[in-house]
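Asks: Below is the structure I would like to discuss, written out as structure tokens.
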Amino acid sequence: MSAVIHPTAIIAPGAEIHPSVQIGPYAVIGEHVRIGAHTTVGAHAVIDGWTEIGEENRIFPGAAIGLESQDKKTDGSLRVVRIGDRNRIREYVTINRATKAGEATVIGNDNLLMAYVHVAHNCILHNRIVISNAVSLAGHIVVESGAVIGGMSGLHQFVHVGRNAMIGGMSRVERDVPPYMLVEGNPARVRSLNLVGLERAGLRDGQEGEAFKQLKQAYRLLYRSDLLLKEAIAEIRQISDLEHLQHLCNFLEASQGSERRGPTPGSK
């Protein structure tokens, strides 16, 4: 088996391309790029820098991956983009490499990045994330698994987005988004639990239904009571040792650290 490469594509001599890869017309692949099995690269896509791409990814026309970051502090040293398996990277998505030597921009597995999404330097995206059209992620953002980000939203650098959270379209997100919550607005505010996301994650059925009930209790303590945040967290930890609750509490406590943005407040 040999890779199916269109004759107009430009592949640098040092690139490592698995024999099952397909590369479309006028695509450009740099010399330090590695592409895993059964990945397809669309027409006019550009993949450069020290970029490692796993298996069964679909990279659509015009995507630009691994190019130099837009950070003025970038120094030209070895900086990496790592992309896992089974991701769909749609038309004109841009994924920049990290800023400093030894750092990486990381995309996990089974993510969908819709057209015109921008992932800046040093971002870390976990798994099963959906990012809708024209969303911009600034540098050093972390998005946990199962999150959904609505179209045309902008996220401030260093923001963390929690597991199974939902960001409504056209939101301005300047602070951390707690797990399992739905936020929306300019600036974004917590509006409710992410009910649809929790249902899709199976947290409203069977034994997992207890997790949903407890997350509702946690939501009321955080956003519908007069408790201070640290008091609400202490109360939530007393509800149960369920992993979902403990993850929520750990996220909120870490969000108050000196290098974090702080959690998004609730709506008044």
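Asks: In segment 73-89, is there at least one residue being more than 22 Å from Ile141 (Cβ to Cβ) and touching a Ser or Thr at 6+ places or on another chain (Cβ under 6 Å)?
Replies: no
Asks: If you go through segment 38-57 one residue at a time, do you hit one that is buried (at least 17 other Cβ atoms within 10 Å of the Cβ) and touching a Pro at 6+ places or on another chain (Cβ under 6 Å)?
Replies: yes
Asks: Taking only pairs six or more apart or across chains, which ones have beta-carbon atoms under 6 Å, a first residue in segment 62-76 that is touching a residue at least 60 places away in the same chain (Cβ under 8 Å), and a second residue that is open to solvent by 90 Å² or more (accessible area, probe 1.4 Å) and not hydrophobic (A, V, I, L, M, F, W, C)?
Replies: Sorted first by the residue in segment 62-76, then by its partner, the list stays empty.
Asks: Restricting attention to segment 225-248, report how many residues are touching a residue at least 24 places away in the same chain (Cβ under 8 Å) and closer than 19 Å to Ala165 by Cβ. Quick ask: steps written out before the conclusion?
Replies: Taking segment 225-248 and keeping what is touching a residue at least 24 places away in the same chain (Cβ under 8 Å), we get 229, 239-240, 242, 244-245, 247-248.
Now drop any that are not closer than 19 Å to Ala165 by Cβ, which leaves 229, 242, 244-245, 247-248.
Qualifying residue count for the region: 6.
Asks: Any residue at all in segment 227-240 that's within 25 Å of the chain's Cα centre (by Cα) and aliphatic (A, V, I, L, M)? Steps first, please.
Replies: So in segment 227-240, the residues within 25 Å of the chain's Cα centre (by Cα) come out as none.
No, segment 227-240 contains no residue that is within 25 Å of the chain's Cα centre (by Cα) and aliphatic (A, V, I, L, M).
Asks: Being within 25 Å of Thr74 (Cβ to Cβ) and in a loop (DSSP other than H, G, I, E, B) is the filter here, so list the residues in segment 14-53 that pass it.
Replies: Selection gives Gly14, Ala15, Ala27, Gly30, Glu31, His32, Val33, His44, Ala45, Asp48, Gly49.
Asks: Name the residue that is nearest to Leu227 (Cα to Cα), counting only residues in segment 257-268 that are open to solvent by 50 Å² or more (accessible area, probe 1.4 Å) and over 21 Å from the mean Cα position of the chain (by Cα).
Replies: Within segment 257-268, the subset open to solvent by 50 Å² or more (accessible area, probe 1.4 Å) is 258-261, 268.
Add one more test, that the residue is over 21 Å from the mean Cα position of the chain (by Cα), and what stays is 258, 268.
Numbers: Ser258: 22, Lys268: 14 Å.
Filtering first and then ranking leaves Lys268.
Asks: Still on this structure: In segment 205-215, is there at least one residue being closer than 20 Å to Val130 by Cβ and open to solvent by less than 20 Å² (accessible area, probe 1.4 Å)? Explain how you work it out, then say what you get.
Replies: Going through segment 205-215, the residues closer than 20 Å to Val130 by Cβ turn out to be none.
No, segment 205-215 contains no residue that is closer than 20 Å to Val130 by Cβ and open to solvent by less than 20 Å² (accessible area, probe 1.4 Å).
The values are calculated or read from the model by the stated rules, or taken from the named source; none is laboratory data. Predicted, not measured: the structure shown is a model, and the values here were computed from it. Reconstructed Cβ throughout: ideal geometry from the backbone, glycine too, with neighbour counts over all protein chains shown. SASA here: full protein model, heavy atoms, side chains in, ligands and nucleic acids out. Shrake-Rupley method; radii C 1.70, N 1.55, O 1.52, S 1.80 Å.
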